[in-house]
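All remarks here apply to the structure that follows.
The values are calculated or read from the model by the stated rules, or taken from the named source; none is laboratory data. Bear in mind the structure is a predicted one, so any value in this text is a computation, not a measurement. For neighbour counting, all protein chains shown are included, and Cβ atoms are generated from backbone atoms with ideal geometry for every residue, glycine included. When the accessible area is computed, the model is the full protein with side chains, heavy atoms only, and any ligands, DNA or RNA have been set aside. Shrake-Rupley method; radii C 1.70, N 1.55, O 1.52, S 1.80 Å.
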Amino acid sequence: MRSLGCVALVLLVAEGWAQTTVDTRLASEAGGAQGIFIRITVPASARYGSLGAPVVIHVPGGFAPGGLSVASPPWSLSGCIEIRFNFPGGGTGATASGGIYDERGSNCLKALRDIVRFALGLSTDTSGRSLAELVAPIVPLSTNVGMVGWSNGGNATLGVAGVHGSELTGLAWIVNWESPVGDGMANAECGGRLASPYPNPLVNPAYDPNSGMWDMSSLTWDDTLQVAREVPALRGGLYFDINRNGALDTGSDFVLNPHLWGTPAGAKVYYSNRVIREAVERHLLPLPPPSHIASPAETEAFWQYRNAEGWLSEVVRLLPHLMFLVVASETDHVQNAPDHPHVLTQYEGLRAAGARLVRLNPDRAYVEHALGHAVPSAADNDAFVPLDHLTIRSALEPDPNSLPTNVTVAAAIYELADRTFTGNTLPQLDATLTGVEKTAFSSPLAPRLWQNYPNPFSAATIFGFSLGQDAHVQLEVFDLLGRSVAKVVDADLRAGEHSVVLSTEGLPSGSYLCRLHAGPFVVSKTMQILR
């Protein structure tokens, strides 16, 4: 085993295959003397075999400083090197990052910049080791490095690319999942499920989700309003008096949920720029303004680095080769507005800026690749297609209860990694770009599933497959609704060649997907029954 000095090695067993994790630290002006703690997950085999593995940096959601648990088990991302980290001041004990946490502000963006530079092979850890040295013999592809913004992490992925893009030449792609990009989106001002002292309508009645327009005329002030669950004594805030009776009526009026930052003694709340400007222009605030209400200048300064909307054009200008996938489901994990304005703001902003590739939701072929069977209900939008407050509704993935978030995000990662690997920016794909058998799974240990013969067929067909190692094997047939209709093999098998006969008794005519699952590998073929 290679010597790694103070670097910690941990062996994880996930979904049947061994993964190695490497803990280390990076020097950063944002990380103080301790530096920034990162955890690297090294796959058992690389997605592109001996050519190497894409590098995925997970950027956590919320406003907390920690990030080691993001996309943790039951997450599984095959063939990729993954990096997780704690922001400055985040983490505890041996995993603590140095520096001061600034609520996902400029200090956090500096730390993320240094993590991306390390992933790109432009810097080393505090012991002078490169990523390539730490993950050997897996080869990290410095030309295929991407970030995944989980929820509010998407504001950081875009923010770091906009603020520090000139230092991140080579960054290849960004996947953002339901990220609250846009004025007021982090506070779910259009309607959402953020923790609040007051029940609200699902959608803010002052917002029109069919046009994206606001009616600010009912915005008003209440001296007794509790503005933060964390500090119950903090009183005085803004709400929309929908019925215009001058009194707060919970459930019909809409109480805003500003962002709280600071110590209890010096806490301030930050509304959106839109709301605080309206309040000041209409003289809604008491005089002098309460100390806990951030001024328009303070509000603008706060959201400058925490809302990526203002950086979209700069991201594309500085990194014109970046590709983007925005992932969103019918049922958002926070926002309630049916037009998903946070998603629309990001997608349309990048499209208007001329991004090399921007797509809402991954190609269906990649969803099926990630899940291992047909998913006819998955979205399959063309890249670059214009969307508005109405058309976006038919471009979303099904509810996460039927198509899990980890599947759609994994599919987006695989698609952008493969597009980067092959240089493909076509708006629509007929199939995965490299194919399961030709990519990560081209290692000597990978199984091979041959096309069944005959095909099409009526009564019976033969499937042949080979195993590169002993494995528990499942060979299963799915219909186009994703339902399992036949389990052909479910057994421990030796490495080598195997064949099995599938009888079509009870199966109607149509197209089917046959999936071979052997250890960490999944291989699929389509087949057709004709009566």
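Taking the stretch 134-171 as the range and being part of a helix (DSSP H, G or I) and either open to solvent by 30 Å² or more (accessible area, probe 1.4 Å) or free of Cβ contacts under 8 Å to residues at least 24 places away in the same chain (or both) as the test, the residues that pass are 163, 166, 167. Among the criteria (1) among the β-branched types (Val, Ile, Thr); (2) in a loop (DSSP other than H, G, I, E, B); (3) crowded, with 20+ Cβ neighbours inside 10 Å, the one residue 124 does not fulfil is (3). Can you tell me which of (1) over 30 Å from residue 208 (Cβ atoms); (2) open to solvent by 30 Å² or more (accessible area, probe 1.4 Å); (3) modelled with pLDDT of 95 or more is the one residue 421 doesn't meet? So the condition that residue 421 fails would be (3).
Applying a threshold of 6 Å to beta carbon distances and a minimum spacing of six or more residues, or different chains, the list of pairs starting in the stretch 498-509 at a residue that is within 10 Å of residue 531 (Cα to Cα) and ending at one that is part of a loop (DSSP other than H, G, I, E, B) and not hydrophobic (A, V, I, L, M, F, W, C) reads 509/531. Set side by side, the residues 116, 70 differ, and just one is surrounded by 23 or more Cβ atoms within 10 Å (Cβ to Cβ) and outside any strand (DSSP E or B), which is 116.
Collect the residues in the stretch 477-531 that are part of a loop (DSSP other than H, G, I, E, B), over 17 Å from residue 461 (Cβ atoms) and open to solvent by 80 Å² or more (accessible area, probe 1.4 Å), keeping them in residue-number order. I'd like the intermediate steps shown before the answer.
Pass one, the stretch 477-531, residues part of a loop (DSSP other than H, G, I, E, B): 479-483, 494-495, 504-509, 519-520, 530-531.
So of that shortlist, the ones also over 17 Å from residue 461 (Cβ atoms) come out as 480-483, 494-495, 519-520.
Scanning the stretch 477-531 gives 480, 481, 483, 494.
Filter the stretch 215-231 for residues that are without any contact (Cβ under 8 Å) to a residue 12 or more places away in the chain and part of a loop (DSSP other than H, G, I, E, B) and give the result. Answer for the stretch 215-231, where residues must be without any contact (Cβ under 8 Å) to a residue 12 or more places away in the chain and part of a loop (DSSP other than H, G, I, E, B): just 215. Selection of the stretch 345-383 for residues being open to solvent by 30 Å² or more (accessible area, probe 1.4 Å), more than 23 Å from residue 511 (Cα to Cα) and outside any helix (DSSP H, G or I) yields 353, 354, 356, 382.
The residues on offer are 275, 326, 269, and the sole one that is within 30 Å of residue 172 (Cα to Cα), touching a Leu at 6+ places or on another chain (Cβ under 7 Å) and modelled with pLDDT of 95 or more is 326. Checked against the criterion of being at pLDDT below 95, over 16 Å from the mean Cα position of the chain (by Cα) and basic (Lys, Arg), the candidates 351, 364, 356 yield just one match: 364. I need the full set of residues from the stretch 47-56 which are among the hydrophobic types (A, V, I, L, M, F, W, C) and open to solvent by 10 Å² or more (accessible area, probe 1.4 Å), in order please. Hit for the stretch 47-56 is 51, nothing else. Entry remark, the stretch 212-249: residues being more than 20 Å from residue 283 (Cα to Cα) and of a type in the set (Asp, Glu) number 2 in total. Residue 107 falls short on exactly one of the conditions (1) under 21 Å from the mean Cα position of the chain (by Cα); (2) under 21 Å from residue 259 (Cβ atoms); (3) touching a residue at least 60 places away in the same chain (Cβ under 8 Å); (4) surrounded by 20 or more Cβ atoms within 10 Å (Cβ to Cβ), and that condition is (1).
A single entry from 57, 38 fulfils the requirement of being assigned to a strand (DSSP E or B), at pLDDT 90 or above and over 18 Å from residue 175 (Cα atoms): 38.
A quick yes/no check of all residues on (1) in contact with a Phe, Trp or Tyr (Cβ under 6 Å, 6 or more places away or on another chain); (2) surrounded by 14 or more Cβ atoms within 10 Å (Cβ to Cβ); (3) closer than 23 Å to residue 297 by Cα:
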{"position": "184", "(1), (2), (3)": "no, yes, yes"}
{"position": "192", "(1), (2), (3)": "no, yes, no"}
{"position": "195", "(1), (2), (3)": "no, no, no"}
{"position": "199", "(1), (2), (3)": "no, no, no"}
{"position": "209", "(1), (2), (3)": "no, yes, no"}
{"position": "259", "(1), (2), (3)": "yes, yes, yes"}
{"position": "263", "(1), (2), (3)": "no, no, yes"}
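Identify, from the list 393, 359, the residue that is within 23 Å of residue 182 (Cβ to Cβ), in contact with a strand residue (DSSP E or B) (Cβ under 7 Å, 6 or more places away or on another chain) and not small (Gly, Ala, Ser).
Details: 393 fails: in contact with a strand residue (DSSP E or B) (Cβ under 7 Å, 6 or more places away or on another chain).
Going through 393, 359 in turn, just one is within 23 Å of residue 182 (Cβ to Cβ), in contact with a strand residue (DSSP E or B) (Cβ under 7 Å, 6 or more places away or on another chain) and not small (Gly, Ala, Ser): 359.
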